[in-house]
1. May I ask you to list pairs of residues, at least six apart or on different chains, whose Cβ atoms are under 9 Å apart, with the first in the stretch 133-150 being free of Cβ contacts under 8 Å to residues at least 24 places away in the same chain and the second being exposed (fewer than 10 other Cβ atoms within 10 Å of the Cβ) and in a loop (DSSP other than H, G, I, E, B)?
2. Just to be sure before I move on: is Ala63 closer than 16 Å to Gly23 by Cβ, of a type in the set (A, V, I, L, M, F, W, C), in contact (Cβ under 8 Å) with a residue 12 or more places away in the chain and touching a strand residue (DSSP E or B) at 6+ places or on another chain (Cβ under 9 Å) in the structure I sent?
3. What single numbered condition from (1) among the aromatic types (Phe, Trp, Tyr); (2) assigned to a loop (DSSP other than H, G, I, E, B); (3) closer than 21 Å to Ile20 by Cα fails to hold for Phe144?
4. If you check Glu84, Glu12, Glu30, Glu44, which single one turns out to be surrounded by 11 or more Cβ atoms within 10 Å (Cβ to Cβ), part of a helix (DSSP H, G or I) and of a type in the set (Asp, Glu)?
5. Does the stretch 31-54 contain at least one residue that is at pLDDT 95 or above, in contact with a Cys (Cβ under 8 Å, 6 or more places away or on another chain) and closer than 14 Å to Leu101 by Cα?
6. Kindly evaluate Glu124 against the criterion of being in contact (Cβ under 8 Å) with a residue 40 or more places away in the chain, in a loop (DSSP other than H, G, I, E, B) and touching a Leu at 6+ places or on another chain (Cβ under 9 Å).
7. Condition first: assigned to a strand (DSSP E or B), small (Gly, Ala, Ser) and within 18 Å of Arg48 (Cβ to Cβ). Can you find one or more residues in the stretch 98-117 that meet it?
8. May I ask you to verify whether Ile69 is in contact with a Gly (Cβ under 6 Å, 6 or more places away or on another chain), in contact (Cβ under 8 Å) with a residue 40 or more places away in the chain and of a type outside the set (Ser, Thr, Tyr)?
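The values are calculated or read from the model by the stated rules, or taken from the named source; none is laboratory data. Bear in mind that the values here come from a model prediction, so they are computed numbers and not experimental data. Note that we place each Cβ from the backbone using ideal geometry, even for glycine, and neighbour counts take in every protein chain shown.
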Amino acid sequence: MELVIRAIERHEVAAAVALINEGTLSPGVEDGQRLDEYWHAVLETRRRGGELVVALTEGAVVAMCQIIIFQHFQHTAGWCCEIESVYVRADQRSRGVGAELLAHAEDFAREKGCYRIQLMSRNERLDAHRFYVANGYSQNSQGFKKTLGE
């Protein structure tokens, strides 16, 4: 089965949202009826130099991640990459799909001149943590988040 990793196309947004809903630890947050807003996020990510990529097998979206590029003040204003929204369909895990997706993101970041790539993973996702370490990522920071009110 051939795996294709490339930039998401508009007609694949619904499948990407469904993939998030399948794998999320926060059910009910994603709204599959608001696809235009998700597409706008893709376009904004691209405007800022990043991309939302999907992995496809037989034309079906089986994995995705958002690649965000930003400039640090530190590291002499160096460029950095943040990977967000990493999802691999349950039946595709442990088949190399996630590793190829990360490799694609890393190549993208290198092409953009990034000195570092980073990501966060929820504390509960122990299998994901092992996966990231096995793919060369070090767990050397603790992340903190705060939801901002409207």
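1. Close Cβ pairs satisfying both conditions: Val133/Gln139.
2. On the way: closer than 16 Å to Gly23 by Cβ: yes; of a type in the set (A, V, I, L, M, F, W, C): yes; in contact (Cβ under 8 Å) with a residue 12 or more places away in the chain: yes; touching a strand residue (DSSP E or B) at 6+ places or on another chain (Cβ under 9 Å): yes.
Taking the combined requirement at face value, the residue satisfies it.
3. (3)
4. On the way: Glu84 fails: part of a helix (DSSP H, G or I); Glu30 fails: part of a helix (DSSP H, G or I); Glu44 fails: surrounded by 11 or more Cβ atoms within 10 Å (Cβ to Cβ).
Glu12 is the lone residue from the list that is surrounded by 11 or more Cβ atoms within 10 Å (Cβ to Cβ), part of a helix (DSSP H, G or I) and of a type in the set (Asp, Glu).
5. yes
6. yes
7. To start, the set of residues in the stretch 98-117 that are assigned to a strand (DSSP E or B) comprises 114-117.
Filter again for small (Gly, Ala, Ser), leaving none.
Checking the stretch 98-117: not a single residue is assigned to a strand (DSSP E or B), small (Gly, Ala, Ser) and within 18 Å of Arg48 (Cβ to Cβ).
8. Yes; evaluated as a whole, the condition is true for this residue.
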